[in-house]
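Note sheet for the following structure.
Only the coordinates and a few stated rules stand behind these numbers; no lab work does. Predicted model, so just to flag it, every value in this text is computed and none were measured. Cβ sites come from the backbone with ideal geometry, for glycine too, and all protein chains shown count toward neighbours.
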Amino acid sequence: MNPLPVPVPWVLLLLAVAFALLRCAHLRWRDHQRTPARDALRLQLQQLHKALVPPGSDAEPPAAADDIPMGWCYRIVPAPTTDRPTDRRLLLLHEDAPRQRLPRFPGEEPARTVMFADGRIEWFTESAFDRLLVGDNVLRRRLRLPEIDVHGREED
């Protein structure tokens, strides 16, 4: 005999929904706690982008490339010219290892911060980052630029 006025499957469903809502709220709260650090990182990278945007030449990294903090990989982007603008989809900087956490229900996934040639800053999970690197190298091949490995070195 059921002592509850509602069927047991409904109670279990209600508990599962309550757990999911609480977990979702917890993930959002943790992500909100990381917002100040992400904002500081975004500001630092925007300042670094201003120093990297007008590179001196295609062959040499700009002088500001020496100012890149440890833990970041710089992917050389050619200087824009009137006949060959720099493609905004090229990767400029990325973390050398996943140091961020992105909320993905029911948990969190490791992620990397990526800056594109146009200054956009986004966070990608490891699986998305691997696909992004492949796409970046395909784009580099189309633009007749050297392909670059995950560590920022030119591939043979």
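What list of ³J(HN,Hα) couplings, whole Hz, do you get for region 100-109 from phi and the Karplus terms 6.51, -1.76, 1.60, once you set θ to phi - 60° and write x for glycine and proline?
Once rounded to whole Hz, the list reads 10, 10, 10, x, 9, 4, x, x, 10, 10.
So how much slack lies between Glu147 and Met70, counting 0.36 nm per residue of separation and subtracting their Cα-Cα distance, in nm?
Stretched out fully, the Glu147 to Met70 stretch lengthens by 25.5 nm.
Obtain the nm distance between the two label points defined at Ala18 and Gln46 by a simple spin-label model: each point lies 7 Å from its Cα along the Cα-to-C-beta direction.
That separation, rounded to one decimal, is 4.4 nm.
How high is the FRET efficiency from Ala37 to Trp10, r the C-beta distance, R0 41 Å, rounded to 0.05?
Numbers: r = 42 Å, r/R0 = 1.03.
So, using R0 = 41 Å, E works out to roughly 0.45.
Could you go through region 117-124 in sequence order and give the Karplus-derived ³J(HN,Hα) for each residue, using 6.51 cos²θ - 1.76 cosθ + 1.60 with θ = phi - 60°, rounded to whole Hz, and x for Gly and Pro?
4, 8, x, 5, 10, 9, 10, 10
Under 5 Å between amide H atoms, partner at least 5 residues away or on a different chain: which partners does Glu109 have, H built in plane at 1.01 Å?
Leu102, Arg104
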